[in-house]
Structures are given as C-alpha cells and as structure tokens.
1. Remind me, relative contact order of the chain in percent, using alpha carbon pairs under 8 angstrom and six or more residues apart?
2. Taking the Cβ of each residue in His88, His35, His174 as the centre, tally the other Cβ atoms inside 10 Å and list the residues starting with the fewest.
3. Among Glu128, Glu168, Glu55, which one moves the most in a GNM of the chain with springs linking Cα atoms closer than 10 Å?
4. Which percent, nearest 5, of DSSP beta bridges in the chain are antiparallel?
5. So what are the radius of gyration and Dmax for the Cα set of region 118-220, in Å?
6. Provide Ile17, Ile24 in ascending order of the number of other Cβ atoms located within 10 Å of each residue's Cβ, fewest first.
7. Over what distance in Å are the Cα centres of region 144-191 and region 1-61 separated?
8. Quick check: convex hull of the Cα atoms in region 5-134, volume per residue, rounded to a whole Å³?
Amino acid sequence: MKPHVIIYNAVSVDGQIDGFQPDIGLFYSLAARWHEDATMAGCDTLLRAPDDIPEETAAELPVPAPDAEDDRPLLVVPDSRGRVRTWHYWRTQPYWRDCIVLCSDRTPRDYLQYLDDRAIKHIIIGDEQVDFSRALEVLHTEYGVRVVRVDSGGTLNGVLLRAGLVDEVHLLLHPALVGGMRAQHFFRAPDLHAPDTVITLRLKGIEQQQDDIVLLSYDVVNKAHA
C-alpha cells in the first residue's frame, strides 16, 4: 500500500514556479490543511537554499533523540547521486521530526558512509535511480506514512506524475505572467509520444484567496504514464 500523494505548488498564471514573488505565508498556511506525515522535496530544492548554511561541527554529530509524541512530518529527499551534504542543517530545522534520504544501488559508497556516520536514515531502493513506487510503499509500511505532500520543483513533480503516483494536484495561482524561453514549470518531463498518456484531472475546488490569488484543487483521474 502506498501513501496518498499530493503535489502543491505556488505558480504564475502561465504555470511557472519562479520569476515572480509568491505569497510564502499564504502558501504554508494552506499547506497545513493536509496534515502530511512526510514532506518530499527534491535535492535541487535543498541545494538552492541560501549559501550561508554554517559548516558542520563535531557538536552536531550526535543523533537527536526520537520523541514518540513528535507529530511533525518527516523530510524525505531523493538523492541517488549523493549531492546533499548539509544534513546537519536540515535535520535541525523546526519543520520536520527527522530526515530520510532515498538512494539507489548507484549511490556513491562514500555518501552512504557519510549518512551512516551521522545516523541519517536512508532507503536504498532502485537500480540506476530511486524506484519511487517501492519507496512510497516502504515509507508507508516501515514509517507509517499515510500522506505525502510534495514540496519541490518541476523535475520531481514530473517524475512522480509520469510514474502514476500522484493522487491530487493543488496550485496556488498568483496573478502574474512570467513568460520567457527558459521557463521553470511546475511539471517538467520528457515530451509525450502518444496523446492517450496525457494525465487528466478532475476539478474538486476553486478557492478565492487574498490579493487575487486562487487555489485550484484537482484529483488525478487517470494515472497512465508514458
């Protein structure tokens, strides 16, 4: 059994996720309604964080003691290439109770050792890349995850959508048109080769928010993928 997967992005009217100023406060106040057990973010999202992340110190190596009463979500990040080396920072942020890294058989051994040395949970699942279908099953069976909210850019969104793993899509639509030739859309994936692989949605709600911002909510109708 897999968790219920929700994609939620702040976008411009032309579907872009950057080039405009989103209402971050509104975005996260609305995100709380889904009560996610896990927040899934792409490693590129973490790597785009501010450059002022402090260097790791020896004092940060001890493992934080688990708290059975902690109901914050897990932070789940696919990183089969072993690029994120700032877990000392992310694991201490107040938004999540713990971190889990999704790896594959091709993940560098030194990165797995880096995670082991810091007692950072990781799941090795997939050959060349992370097998997201199996990873979601593990998150459900071993960590009790029932709802995953994807808080990421277009690449991870595209992988999950094309794999048929997304149940709902919510777009916080801002009154802006970005345009440009290097658009960063919320859904990035290779071009389709057959029209019957288009993902269809069913509208479940339109909510007027402040400052002409609209929340569009959809159920994913067909999960057939290319």
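1. Values: 412 pairs, mean separation 66.5, N = 226.
It rounds to 29 percent for the chain.
2. Numbers: His88 17, His35 11, His174 23.
Starting with the residue having the fewest Cβ neighbours, the order is His35, His88, His174.
3. Glu55
4. Numbers: 14 of 40 bridges.
Counting only bridges with both partners in the chain, antiparallel ones make up about 35 percent.
5. In order Rg, Dmax, the Cα atoms of region 118-220 give 16.6, 47 Å.
6. Values: Ile17 22, Ile24 9.
So the residues, fewest neighbours to most, are Ile24, Ile17.
7. So the two Cα centres are separated by 12 Å.
8. Numbers: hull volume 18.8 nm³, N = 130.
Spread over its residues, the Cα hull of region 5-134 gives 145 Å³ apiece.
Coordinate-derived values only; no laboratory data. Owing to the predicted nature of the structure, the values given are computational and were not obtained by experimental measurement. All Cβ positions, glycine included, derive from the backbone under ideal geometry; neighbour counts span all protein chains shown.
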